[in-house]
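The values are calculated or read from the model by the stated rules, or taken from the named source; none is laboratory data. Quantities reported herein were computed from a predicted structural model and do not represent experimental measurements. Reconstructed Cβ throughout: ideal geometry from the backbone, glycine too, with neighbour counts over all protein chains shown.
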Amino acid sequence: MSAPLYGLVLAGGRSKRMGADKAALRIGARTQLEQALALLAPHVARAFVSVRAEQRGEPLRAGFEQIEDTRENLGPIAGIIAAQERHPDRAWLVLACDLPLLDAATLERLVHARAPARLATAFRSSHDGLPEPLCAVYEPASSAALAAYVAAGRTCPRQFLMQSDVELLEEPNPRALDNANTPEEYASAMSALADGGAAATRRVTVQYFALLREQAGRPNETLETRARTPRELYGELARRYPFTLDAAQLRVAINSEFGDWSAALRDGDAVVFIPPVAGG
């Protein structure tokens, strides 16, 4: 039988890169914290806000049930461990508070595909294929493994999931788990929401050379993609084809000009991924 599911919004960060409290930034009429709790509500029996000790009386957070970190300077993993210590017989649906493009369908997919027999259920990042630890379900059985991981001096929740028995899912919306850690990222997310573009698709043509051509089994193709940048597009294709080259080993050209991996893709773009030249 599956353990009951509780919700946890991680809102204990210091928001240094943003320069303002990320939990208090607004998505329409709601703050990001309020939005995350609203998304959790249909799926959990109770929801809590993860806080540092000095945040307990902060007006935004004080209006919700809280779980205070029991360890200092560990980052988001401290919040997950504190929640597991408070209610060890519950599974935890964990969300970062800085996911402005997270949509209900993505969260429904996660809960529906939950695998209670594994330590956790998480999405595979649309950017790099690695587990996304801050929109995930952590089962009660993960508690001891997480505690041992931290006791060994490790604090990265993504690395924990990478070495654990985890159910990995494909993201239904590749932008849903984009963090807004800086003012620029927040502005980009707000622009996407204003344009209705959180899940917008664009039609691009991709050309392959050398090893990539062999591994893709074709010289080119035209496809619909939600990738925003060449890096995201290559990550998407690398999950479709048995590519053995990392993006760092390639050059990318957009519309016949060498481009940046973080450049914005537009509808109708022609993208070329160029492997290193063999020989001397």
Inset, instruction - Please indicate, with yes or no, whether at least one residue in the range 31-39 is of a type outside the set (Ser, Thr, Tyr), at pLDDT 95 or above, outside any loop (DSSP other than H, G, I, E, B) and surrounded by fewer than 14 Cβ atoms within 10 Å (Cβ to Cβ). - result: yes
Inset, instruction - Would you please list the contacts, defined by Cβ atoms under 6 Å and residues six or more apart or on different chains, that run from a residue in the range 36-53 that is farther than 12 Å from residue 94 by Cβ and in the same structural domain as residue 87 (by TED's automatic domain parsing) to a residue that is exposed (fewer than 14 other Cβ atoms within 10 Å of the Cβ) and not small (Gly, Ala, Ser)? - result: 45/4
Legend entry - Within the range 241-276, considering residues that are surrounded by fewer than 18 Cβ atoms within 10 Å (Cβ to Cβ) and charged (D, E, K, R), the one nearest to the chain's Cα centre (by Cα): 246
Inset, instruction - Starting from residues that are among the aliphatic types (A, V, I, L, M) and farther than 15 Å from residue 3 by Cβ, keep the ones in the range 110-135 and report whichever is modelled with the lowest pLDDT. - result: 130
Legend entry - Residues within the range 59-86 that are surrounded by 14 or more Cβ atoms within 10 Å (Cβ to Cβ) and out of contact with any helix residue (DSSP H, G or I) (no Cβ under 9 Å at 6 or more places or on another chain), tallied: 4
Legend entry - Options 279, 217: the member that is farther than 30 Å from residue 33 by Cα, at pLDDT 85 or above and of a type in the set (Gly, Ala, Ser): 217
Inset, instruction - With the checklist (1) surrounded by 17 or more Cβ atoms within 10 Å (Cβ to Cβ); (2) in contact with a helix residue (DSSP H, G or I) (Cβ under 9 Å, 6 or more places away or on another chain); (3) farther than 29 Å from residue 231 by Cα in hand, flag the one item residue 120 doesn't pass. - result: (3)
Legend entry - Among residues of the range 177-189, those that are part of a helix (DSSP H, G or I) and surrounded by 15 or more Cβ atoms within 10 Å (Cβ to Cβ), counted: 4
Inset, instruction - Assess whether residue 180 counts as being of a type in the set (Gly, Ala, Ser) and at pLDDT 95 or above. - result: no
Inset, instruction - Could you please find all residues in the range 220-240 being in contact with a Leu (Cβ under 8 Å, 6 or more places away or on another chain) and surrounded by fewer than 21 Cβ atoms within 10 Å (Cβ to Cβ)? - result: 225, 229
Inset, instruction - Scan the range 61-103 for residues that are under 21 Å from residue 179 (Cα atoms) and free of Cβ contacts under 8 Å to residues at least 40 places away in the same chain and jot them down. - result: 73
